[in-house]
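Read-outs throughout are calculated quantities, based only on the coordinates presented, and are distinct from any laboratory measurement. All values derive from a computational prediction rather than experimental measurement. Note that each Cβ is placed from the backbone with ideal geometry, even for glycine, and that neighbours are counted across all protein chains shown.
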Amino acid sequence: MHAKNSISILGVTLAVCFAISFSTPGVRAGGPPPTATGAANLKGTVRLEGTVPKPKQISMSADPSCAKQHASPVFTQEVMTDTKGDLQNVIVFVSEGLGDRKFDAPTQPVVVEQKGCMYTPHVLAVQANQPLHLVNDDPTSHNIHPTPANNREWNKAEPPGSSVDESFAREEIAIPVKCNLHPWMHGYIAVFKHPYFAVTGKDGSFDLSSLPPGTYTIKAWHEKLGTSTQTITIGTNETKEISFVFKGM
C-alpha cells in the first residue's frame, strides 16, 4: 500500500513539474504550428550587398546607471551584419496567399527585456493577441511607449524590477517602440494575423515551416533598408530555399 501511494505521489509531482516547465514565459515569438502532413517548408537567407553603414556610438551619459553597465562602447542596432553580409533583424513573412484561414494566437507570452538600457530583442514579431511580457532588468526606471498606427497606443512607466503585460489586437508591420526617459532606446514589434513569419538572426537565416501548399507573396522588412518582395509556389511536402538581397545605403 505504501509503495503504491509513493508511486502515485511521484506521478503527480512529475506532472506538475512538466506543466511548470512548459508554461514558463520566454518562448520565441509566434512561430508556425506543428508540422502537418503534406505541409511545405520555406527556408532562406537575407544579406546585404554593398557598403554597410557604420553604426553610431550611443552616449548613455545622461543616465550613469545605464552607462556603468557597459564595459565597452555601445552602438546602434539599425543595420547589423556579419563579415559575409548576412543581415540580422529582418522580418520575413507571408504577405498574401493564406486566403481566409484563421489562426489561434499562442497563449504563452513573448518576453522583451530592458537590459543595459537597450531592448532585447531589438526587433521581434508576434501574432495578434499574443501576450507580451515586458521586463525591466535595469536599476533605473523606463517608460515603454509603442507608437502604432493600427493598434491601441499605450505608454507605461516601469520602475526597476517591474514588468508590464500587454498585447496588440491587429496586424501591423512594424510598430516603433521607444523609451521616453532614454531617447537612444528604440525597437520594433511586428504583429501578424497568422504564424508564418520569422526574424533573421546573426546568420541572416529564416525558416517558415509547415506552410500549406500554395502560391505566396513573401516579404522581407528591414527598419532602414525597406521591403523586398518575392512570389513563390510551393507544393506538398516540398522544401524550397529563397534569398533576399538588400543594397547598402
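Quick rundown of the values:
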| item | result |
| --- | --- |
| Separation of the residue 67 and residue 83 label points, Cα + 7 Å toward Cβ, nm | 3.3 nm |
| Whichever lysines have a C-alpha closer than 29 Å to that of residue 84, once near sequence neighbours (fewer than 8 apart) are set aside | 43, 54, 56, 115, 202, 219, 224, 240, 247 |
| Positive minus negative residues near residue 69 (Lys, Arg vs Asp, Glu; Cβ under 9 Å) | +1 |
| Nonlocal amide H pairs with residue 168, under 5 Å, H built at 1.01 Å | 129, 130 |
| HN-Hα J in Hz across region 131-144 - Karplus 6.51, -1.76, 1.60, θ = phi - 60°, x for Gly and Pro | x, 10, 10, 9, 10, 9, 9, 9, x, 10, 6, 10, 9, 7 |
| Cα centroid separation, region 138-205 to region 119-135 (Å) | 6 Å |
| For region 169-249, projected area of the alpha-carbon convex hull averaged over all directions, nm² | 7.2 nm² |
